[in-house]
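The values are calculated or read from the model by the stated rules, or taken from the named source; none is laboratory data. These numbers come from a predicted model, not from an experiment. Cβ: placed from backbone, ideal geometry, glycine included. Neighbour counts: every protein chain shown. SASA here: full protein model, heavy atoms, side chains in, ligands and nucleic acids out. Shrake-Rupley method; radii C 1.70, N 1.55, O 1.52, S 1.80 Å.
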Amino acid sequence: MIKDRPWLTFNIISLVLFLIIGIFLWLRHIDGSGAVMNTELRLLNIAILSIFFAIIWFTEFALFLIINHTKGQ
């Protein structure tokens, strides 16, 4: 369990970042370009954020599987 602590720490930090950024995106009224945020734009922003974090998490999972596979040989 101690060997997997960096993976757990990374996952917790990335989850907290995802939640904080998601809440920020949902609660802001005007974005950086000056566009007024409506529900569709908010959901689009959160979808883009979700895709970004999904790529990070899938990459991390693939690296985790590769590392565990090479340890077994």
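Side notes on the structure shown:
- Taken together, the residues in the stretch 28-49 that are in contact (Cβ under 8 Å) with a residue 12 or more places away in the chain and in a helix (DSSP H, G or I) amount to 4.
- If you go through the stretch 1-54 and keep only what is open to solvent by less than 90 Å² (accessible area, probe 1.4 Å) and among the small types (Gly, Ala, Ser), you end up with SER14, GLY22, GLY32, GLY34, ALA35, ALA47, SER50, ALA54.
- Those residues of the stretch 58-73 which are open to solvent by less than 80 Å² (accessible area, probe 1.4 Å) and either assigned to a loop (DSSP other than H, G, I, E, B) or in contact (Cβ under 8 Å) with a residue 40 or more places away in the chain (or both), in sequence order: GLU60, PHE64, GLY72
- Where a residue in the stretch 1-27 is part of a helix (DSSP H, G or I) and its partner, wherever it lies, is at pLDDT below 85, with Cβ under 8 Å and at least six apart: TRP7/PHE64
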